[in-house]
Amino acid sequence: MIRGDTEKINLSTSSFERMITDGYLYIDKTRFIENFLNNASSVQLVARQRRLGKSLNMDMLRCFLTDKDDFRHLFKGLYIETSKVWNYANSAPVFYFDFKNLSADSYKEDIVNQVDRHFSAICDTDTLSGRSKRLYDT
């Protein structure tokens, strides 16, 4: 299925939400979500050559699963809406780490900052105590 304007092609964004809301040409790849969830293992490696949609697919998966915001409207008319895994939409906390813009000089600090943002989003770090407090402060 094709969605959006066939004359409006955006090769520079990896934001699923932007692709859909701005009406850019989008080739439905939501079967990826179904395959990802049906073949779930403890680790899944998503490897493709450069510029073949890895970041866009990961953002699409994030939009589908996250319980922080409800993005189900973005999937209207796409394959996944009729899939048996549709009930997983908007159902899980998602931690999305982007290593795309890390630099060799500061990658450790950048990763720690991303972890801290995710951790702070799900708990009140001021109320931590005991082992949790020690681990967070480390």
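Looking only at the range 101-118, which residues are outside any helix (DSSP H, G or I) and surrounded by 13 or more Cβ atoms within 10 Å (Cβ to Cβ)?
Leu102, the sole residue that qualifies.
Would you point out which residue out of Asp67, Asp98 is within 13 Å of the chain's Cα centre (by Cα) and exposed (fewer than 12 other Cβ atoms within 10 Å of the Cβ)?
It is Asp67.
Please verify whether the range 36-51 includes one or more residues that are within 24 Å of Ala121 (Cα to Cα) and either touching a residue at least 40 places away in the same chain (Cβ under 8 Å) or not assigned by TED's automatic domain parsing to the domain that holds Ser14 (or both).
No: zero hits.
Whether any residue in the range 20-30 is of a type in the set (S, T, N, Q), part of a loop (DSSP other than H, G, I, E, B) and under 24 Å from Lys100 (Cβ atoms) is what I want to check.
yes
Could you tell me whether Ala121 is assigned to a loop (DSSP other than H, G, I, E, B) and either at pLDDT 90 or above or surrounded by fewer than 15 Cβ atoms within 10 Å (Cβ to Cβ) (or both)?
no
Just checking, does the range 8-20 include any residue being modelled with pLDDT of 95 or more, among the aromatic types (Phe, Trp, Tyr), surrounded by 15 or more Cβ atoms within 10 Å (Cβ to Cβ) and over 21 Å from Pro93 (Cβ atoms)?
No - not one qualifying residue is present in the range 8-20.
From the list Leu52, Leu61, Leu56, which residue is hydrophobic (A, V, I, L, M, F, W, C), out of contact with any Lys or Arg (no Cβ under 9 Å at 6 or more places or on another chain) and either assigned to a helix (DSSP H, G or I) or over 19 Å from Phe99 (Cβ atoms) (or both)?
Leu61
The values are calculated or read from the model by the stated rules, or taken from the named source; none is laboratory data. None of these values were measured; they are calculated from a predicted model. A quick note on method: Cβ atoms are made from the backbone with ideal geometry, for glycine too, and the neighbour counts reach across all protein chains shown.
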